[in-house]
Amino acid sequence: MRLCRFDNNRLGVVEDGHVRDVTAALDVLPAYRYPLPPGDMLIANLDAVAARVRAIAKDSPLVPIDRVALLSPVANPGKIIGAPMNYDTGQDQAAIANAMSIGLFLKANGSLSGPSEGIMLRMMERQIDHEVELGVVIGREGANIPRADALTYVAGYAVALDITPHGKEERSLRKSCATYSVLGPWLVTADEVPDPTDLDLQLQVNGEVRQQGNTKQMLRGVAALIEYASSFYTLYPGDIFLSGTPAGVGPMRPGDRLVATIESVGTMTVDVRATKTN
Ligand code: MN
């Protein structure tokens, strides 16, 4: 199932270029009181919501997908986890060992954006790079998750962009500007992606292919990332992994149009603009 969030926080199921408006399926979510449980409530209740979506989809209004504004399919992640230098790009063994030793980093939740919101660049004196990545959305709470069980913790996958300004600051600061983590165009539930370790991914900028790779080049694959991350972090429903980027990282300018595609997941179009306030 391909679930999207669109327009004014409506829920959609994507079918052949159309969106079925299944917002009514959100009625199965429990009524919460303060304090809210950790994580994203839609993802935490995904099985129940998906069952309701299946029940009501055929009687739900159909809208062409190019007429809706697509938002991040995860509204309220508990955290966004980045994997620096996680692809084999032909570097030597010492460089690989160094990359693995750096571990992971967190991006501020406020950096999350959807394809219709685009990327708003700031600090334009810096070089700011695009990174296309497989987005992995965690479905249930876990800590110290063994690699063999790790994929059972995945709710689904999405296309992600990890926007990366150059600079000496910690990654967690530089990469946390608003709109610097783009997720979309929808969430593909994990049952539709049985093997995340062999997916082609590509990024075009203004029609030119800039990045091309396959998730089999990941140094820590999806299951290894979950195992490693959960040896430090407790994972919650809606946590997002940005799982690393293949070769071809390069700069963006206002006015650029990014088209990011991941096999079995989808294609997301994102426009780049300059922030008006600085
Ligand atoms: Mn990255």
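The values are calculated or read from the model by the stated rules, or taken from the named source; none is laboratory data. In this text, all values refer to a predicted model and were calculated from it rather than measured experimentally. Cβ placement follows ideal geometry from the backbone for every residue including glycine, while neighbour counts extend to all protein chains displayed. These area figures cover heavy atoms from the full protein model, side chains too; ligands, DNA and RNA do not enter into them. Shrake-Rupley method; radii C 1.70, N 1.55, O 1.52, S 1.80 Å.
General remarks:
- Counting heavy atoms of the protein chains alone, Arg257 has an accessible area of about 120 Å² for a 1.4 Å probe.
- Of all DSSP beta bridges confined to region 74-274, the antiparallel ones make up roughly 85%.
- Across all directions, the average projected area of the convex hull around the alpha carbons of region 103-170 is 6.2 nm².
- Where Lys276, Lys175, Lys216 fall by accessible area, highest first, once all protein chains stay in place (1.4 Å): Lys276, Lys216, Lys175
- The listed residues Leu42, Leu242, once ranked by accessible area (1.4 Å probe) with the largest placed first, stand as Leu42, Leu242.
- Chymotrypsin sites (Phe, Trp or Tyr not before Pro) restricted to DSSP loop in region 174-278 with at most 12 other C-beta within 10 Å: Phe232
- Computed over region 135-244, the percent of Cα pairs more than 25 Å apart is 24.
- Diffusion coefficient of the chain by Stokes-Einstein, Kirkwood radius over Cα pairs, 37 °C, 0.692 mPa s: 174 µm²/s.
- Close amide-amide hydrogen proximity is noted between Asp256 and Val272, each under 5 Å apart and 5 or more residues distant or on a separate chain (H modeled in the peptide plane; Pro and chain starts excluded).
- Accessible-area composition of the chain, carbon plus sulfur, in percent [1.4 Å probe]: 50
- Placed amide H near Glu15: partners under 5 Å, 5+ positions off or other chain: Arg20
- The count of lysine pairs in the chain that are at least 8 places apart or cross chains, and whose C-alpha atoms lie under 28 Å apart, stands at 12.
- For region 5-22, 3J(HN,Hα) computed residue by residue from phi via the Karplus equation (6.51, -1.76, 1.60; θ = phi - 60°) reads 10, 8, 6, 8, 6, 8, 9, x, 10, 8, 9, 6, x, 10, 10, 8, 7, 10 Hz, glycine and proline entered as x.
- These residues, Asp162, Asp271, go from largest to smallest accessible area, 1.4 Å probe, as Asp271, Asp162.
- For region 186-258 and region 114-156, distance of Cα centres in Å: 7
- Ordering Ser243, Leu173, Val205 by Cα displacement along the dipole of the chain toward the positive end leaves Leu173 in first place; charges were set at the Cβ atoms of Lys, Arg (+1) and Asp, Glu (-1).
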